[in-house]
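Trainee: There's a structure below that I have some questions on.
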Amino acid sequence: MTEFYERLGFTFTKQFVKNGGYFYRAQFNGMELVIYKSTGAKWNPANFMIPKLQVSIVVVGLDQVLKSLKEIRFIPAMDPTEMDGALRAIVIDPEGHSVELIENVNEAFSAA
């Protein structure tokens, strides 16, 4: 699952999630990449299906990133929502993969 990104220079650590599944986390050239693997698809209260595989990217300026993506007609799956001290949004990339965009709210405020 991580081989493609490892060949691009990422080095991953594997971490387990309490509710099942695991994720791989890596940092490279100032960017953090997280690949989340669920033990199975589940439905949340909003009736949104959580994918079995999701890529997460930490960004600076989530609102600006989303505005830029709207220009190329991305498919939004979850509007920005604050969870666990971070602002998160999920979009579907052109190939149909779920991509979580994360802005650390605490870092954003401390940098100001």
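The values are calculated or read from the model by the stated rules, or taken from the named source; none is laboratory data. What you see is a predicted model, and the numbers here were worked out from it, not measured in a lab. Counting neighbours? That spans all protein chains shown, and the Cβs are built from the backbone with ideal geometry, glycine included.
Trainee: Tell me which strands (runs of 3 or more DSSP E) are completely within region 39-107 and hold 1 or more residues being at pLDDT 90 or above and of a type outside the set (Val, Ile, Thr), or say none if there are none.
Mentor: Ranges flagged: 75-83, 86-92, 98-104.
Trainee: Show the residue pairs that are 6+ apart or on different chains and have beta-carbon atoms under 9 Å apart, the first residue being within region 84-112 and surrounded by fewer than 16 Cβ atoms within 10 Å (Cβ to Cβ), the second being at pLDDT 65 or above and part of a helix (DSSP H, G or I).
Mentor: That search, which allows pairs on different chains as well, returns 85/105; 108/62.
Trainee: Could I ask something else about it? What is the number of the single condition among (1) assigned to a loop (DSSP other than H, G, I, E, B); (2) at pLDDT below 80; (3) of a type outside the set (Lys, Arg) that residue 5 does not meet?
Mentor: (1)
Trainee: Only residues that are of a type outside the set (Val, Ile, Thr), at pLDDT below 80 and more than 18 Å from residue 97 (Cβ to Cβ): list them for region 8-38, please. Even if it seems obvious, please write down each step before you answer.
Mentor: The first filter runs over region 8-38 and keeps only residues of a type outside the set (Val, Ile, Thr), leaving 8-10, 12, 14-16, 18-33, 36-38.
If we keep only those that are at pLDDT below 80 too, we end up with 8-9, 18-21, 28-32, 36-38.
Listed by number, the residues that qualify are 9, 18, 19, 20, 28, 29, 30.
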